Amino acid sequence: MGVTVSIHTAGAGAPGQGKYCLPVLLDDVVNDFYDLNVIAFHAGWPLCHDLNMVALSHPKVYISLSLIMPWYKAAPRRLAEIIGEAIQFAGPDRIVWGTDFYGPGGLFREATIGLRTFEMPEDLQKGYGFAPVTEEVKRKIFGENLAKLLKLDTNRRIK
């Protein structure tokens, strides 16, 4: 059917809801609906490793960096480890940028600055084998990957 769905994969804000957001549950979904493209929101945080393992074996699972990009200020090391491992397991073609909006300006600005200024620390490149996040990779994450997934013509302008 060519359908793409976005699924919340992170700790839930409401009591008792977290059990429905476990990234490992995506494994059953993508096994049952193998043609379904899934965008997993929030990179699965705090269970990012689980989401990365699902993405490793399911090429139609995309990892969204929504919510976590503003951590470039508050938790830059955590952010680097999450991005580095996501790229290592899913590849740079299955990571998409995202934000969660609240209030005027909200996280859009912070999420944009977060990725624009992001650099993979050298010790994580050496210690974990994480790839540097180049300008090409940033372009893919900022929109090229999502445009390709949704079959959008990025050369066409809306008038």
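The values are calculated or read from the model by the stated rules, or taken from the named source; none is laboratory data. All values reported here derive from a predicted model rather than from experimental measurement. Ideal geometry is used to build each Cβ from the backbone, glycine not excepted, and the neighbour counts take in all protein chains shown. Calculation scope for accessible area: heavy atoms of the full protein, side chains included, ligands and nucleic acids excluded. Shrake-Rupley method; radii C 1.70, N 1.55, O 1.52, S 1.80 Å.
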Express the relative contact order of the chain as a whole percentage, based on alpha carbon pairs under 8 Å and six or more residues apart in sequence. 18
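For the ranges 52-63, 114-125, what's the packing order if you count other beta-carbon atoms within 10 Å of each residue, average per peptide, and put the highest first?
52-63, 114-125
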What net charge is computed for the residues neighbouring Ala147, neighbours being all others with C-beta under 11 Å from the C-beta of Ala147, Lys and Arg scored +1, Asp and Glu -1? +3
Proximal charge balance of Ile39 [Cβ under 12 Å; K/R count +1, D/E count -1]: +2
Under a straight-distance cross-link criterion of Cα-Cα below 19 Å, which aspartates and glutamates are reachable from Lys126, leaving out those fewer than 8 residues away in the same chain? Glu81, Glu85
With the full set of protein chains in place, find how many percent of the accessible area of the chain is carbon and sulfur; take the probe as 1.4 Å. 57
Give the long-range amide H neighbours of Tyr62: residues separated by 5 or more places, or on another chain, with amide H under 5 Å away, using H modelled in the peptide plane at 1.01 Å from N. Val38, Ile39, Ala40
Pull out a ≥ b ≥ c, the square roots of the eigenvalues of the alpha-carbon gyration tensor of the chain, then state rounded if a/c is under 1.5, prolate if not and a/b is larger than b/c, and oblate in the remaining case. rounded
